Amino acid sequence: MKITQIKVIVCCPGRNFVTIKIITDSGLFGLGDATLNGREMAVAAYLEEHAAPCLVGRDPQEIEDIWQYLYRGVYWRTGAVTMTAIGGIDMALWDIKGKAAGMPLYQLLGGRSRTGVTLYAHASGKNTEETLGEAKKLVEAGFKAIRIQSAIPGLEATYGVIGDMKDYYEMQGNRPLPPEEEWSTQKYFGMVEELFREARHHLGSDVHLLHDVHNRLTPIESARLGKLLEKYNLLFLEDASIAENQESYKVIRQHTTTPLAIGETYNTIWDCKELVQNQLIDYIRMAATHAGGITAMRRIADFAGIYSVKIAPHGAPDLSPICVAAHLHLNTWAPNFGIQEFVGLGSEQCRQIFKQDFQIKNGMAHVSEAPGLGIDFDEEAAKEYPYKRSYLPVSRLEDGTLWHW
Ligand code: KDG
Ligand code: MG
């Protein structure tokens, strides 16, 4: 089998997605997600100008060698753009291999470890009451795990909750330059305990609760938060502090038993090596799209498993449905799967373009049994929604200092 063409398609059905289609002389093709929110065109150019010309003519079945060629064979290895490009190509190659074998991807990885993939859904609101109202609806819909985020009194917008609430996420299409938001740790601490106290009071003790701090706290502040929330029994506290200095998580760990999760922006196993090896975290949240694909995620899962760290792949709306499909296969296989973030099936336009057939029932996803990833992409429909430049917000402290968004 030979690769005859690599197409890179950037579309914006509500938000930007970079899709790779690898076409072969056998009639089989594979799909991959290479979306890097806010830097989409950098990955598209990397793929079109630098990666694709090296792959045309090669055998798509040599996934491992192609991965090594694009990672080790490039002097300027690693980094978000490179690893996202590799991630998209790798996914598409596994899709082809599955189709060639007539097997869904999870079978190629080693088969099922579970009957379904437990999801956590998002509840957000402009105050505790509204957030918990949303959480209740999700519990009624069958979800067993909910991430709760609430607006902070005195701050106009914060991560997970924004302005008019039409899209509490990182809205796309109307942000031609990065919007700025304000952050105050003092004000956040004034809100967060009440949110969890009321959540346990109204939702009971059975539902799993999660929370994303989005890197806003210093390690000692995270330690304080973890301690404060211990009695509310979180499934995990996500991205409490940035961990470019992985050792800094020791500060958090020595003060609290609240489980910790990190990793959605990580690109290689090296970004989490010390965190995992020293058991400073409980969940690793890397995504196939940004961490070099299925080949890399499989290694990361096995490495994490040795240290009792579970995988909880990133599932934000800026990962395309192709990545969601890849994660469902990985999660169905990985013995040390923890939980999958889930934000719904995307806009109507998105569902028109990405056709998938996995099922969701009682807060669990059931992977497609179709060969490969089990997802299709309508190129003609995608043409209706061209790329729109868009950025994530930036964050500043109240005195103007640039902070982690
Ligand atoms: O592109 C940034 C988003 O993916 C991120 O803000 C979402 O933190 C996030 C999450 O946990 O889903
Ligand atoms: Mg997050």
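Miscellaneous remarks
- Residue in the stretch 209-220 that is outside any loop (DSSP other than H, G, I, E, B) and over 15 Å from residue 120 (Cβ atoms) present: yes
- Top-ranked residue in the stretch 267-284 [being in contact with a Lys or Arg (Cβ under 8 Å, 6 or more places away or on another chain) and within 16 Å of ligand 1 (Cβ to nearest atom); ranked as most open to solvent (accessible area, probe 1.4 Å)]: 282
Here is a yes/no grid of residues against (1) open to solvent by 50 Å² or more (accessible area, probe 1.4 Å); (2) in contact (Cβ under 8 Å) with a residue 40 or more places away in the chain; (3) within 19 Å of the chain's Cα centre (by Cα):
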residue: 89; (1), (2), (3): no, yes, yes
residue: 92; (1), (2), (3): no, yes, yes
residue: 111; (1), (2), (3): no, yes, no
residue: 118; (1), (2), (3): no, yes, yes
residue: 128; (1), (2), (3): no, yes, no
residue: 134; (1), (2), (3): yes, no, no
residue: 146; (1), (2), (3): no, yes, yes
residue: 161; (1), (2), (3): no, no, yes
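- Residue in the stretch 112-128 that is part of a helix (DSSP H, G or I) and small (Gly, Ala, Ser) present: no
- Screening 4, 35, 82 for residues that are β-branched (Val, Ile, Thr), away from ligand 2 (no atom under 16 Å from the Cβ) and buried (at least 20 other Cβ atoms within 10 Å of the Cβ) leaves exactly one candidate, 82.
- Qualifying residue in the stretch 170-184 (condition: within 16 Å of ligand 2 (Cβ to nearest atom) and at pLDDT below 90): yes
- Residues of the stretch 56-78 satisfying the condition of being touching a helix residue (DSSP H, G or I) at 6+ places or on another chain (Cβ under 7 Å), within 25 Å of residue 98 (Cα to Cα), aliphatic (A, V, I, L, M) and free of Cβ contacts under 8 Å to residues at least 60 places away in the same chain: 66, 70
- Residue 345 being modelled with pLDDT under 95 and either more than 16 Å from ligand 2 (Cβ to nearest atom) or not assigned by TED's automatic domain parsing to the domain that holds residue 114 (or both): yes
- Near pairs, Cβ below 9 angstrom, 6+ apart or cross-chain, from the stretch 238-254 (assigned to a helix (DSSP H, G or I)) to any residue that is open to solvent by 10 Å² or more (accessible area, probe 1.4 Å) and hydroxyl-bearing (Ser, Thr, Tyr): 248/218; 251/218
- Test for residue 308: is it within 16 Å of ligand 1 (Cβ to nearest atom) and either open to solvent by 50 Å² or more (accessible area, probe 1.4 Å) or not in a loop (DSSP other than H, G, I, E, B) (or both): no
- Filter pass, residue 196 being open to solvent by less than 10 Å² (accessible area, probe 1.4 Å) and either in a strand (DSSP E or B) or within 16 Å of ligand 2 (Cβ to nearest atom) (or both): no
- Counted residues, the stretch 242-259 - those being among the hydroxyl-bearing types (Ser, Thr, Tyr), surrounded by 15 or more Cβ atoms within 10 Å (Cβ to Cβ) and more than 17 Å from residue 276 (Cβ to Cβ): 2
- Screening the stretch 94-109 for residues that are under 22 Å from residue 340 (Cα atoms) and out of contact with any helix residue (DSSP H, G or I) (no Cβ under 7 Å at 6 or more places or on another chain) and picking the one that is surrounded by the fewest Cβ atoms within 10 Å (Cβ to Cβ) gives 107.
- Unmet criterion (only one of (1) assigned by TED's automatic domain parsing to the domain that holds residue 341; (2) of a type outside the set (Lys, Arg); (3) surrounded by fewer than 18 Cβ atoms within 10 Å (Cβ to Cβ)) for residue 123: (3)
- For residue 215: the one exception among (1) buried (at least 23 other Cβ atoms within 10 Å of the Cβ); (2) within 16 Å of ligand 2 (Cβ to nearest atom); (3) touching a residue at least 60 places away in the same chain (Cβ under 8 Å): (1)
- Residue match in the stretch 80-103 (condition: among the charged types (D, E, K, R) and under 25 Å from residue 392 (Cα atoms)): no
- Long-range neighbours under 8 Å by Cβ, at least six apart or interchain, first residue charged (D, E, K, R) within the stretch 358-378, second part of a strand (DSSP E or B) and open to solvent by 30 Å² or more (accessible area, probe 1.4 Å): 376/355; 376/356; 378/355
The values are calculated or read from the model by the stated rules, or taken from the named source; none is laboratory data. Quick caveat, the model's predicted, so the values are computed rather than measured. Cβ atoms come from the backbone with ideal geometry, glycine included; neighbour counts cover every protein chain shown. Just so you know, the surface numbers come from the protein's heavy atoms only, side chains and all, with ligands and any DNA or RNA stripped out. Shrake-Rupley method; radii C 1.70, N 1.55, O 1.52, S 1.80 Å.
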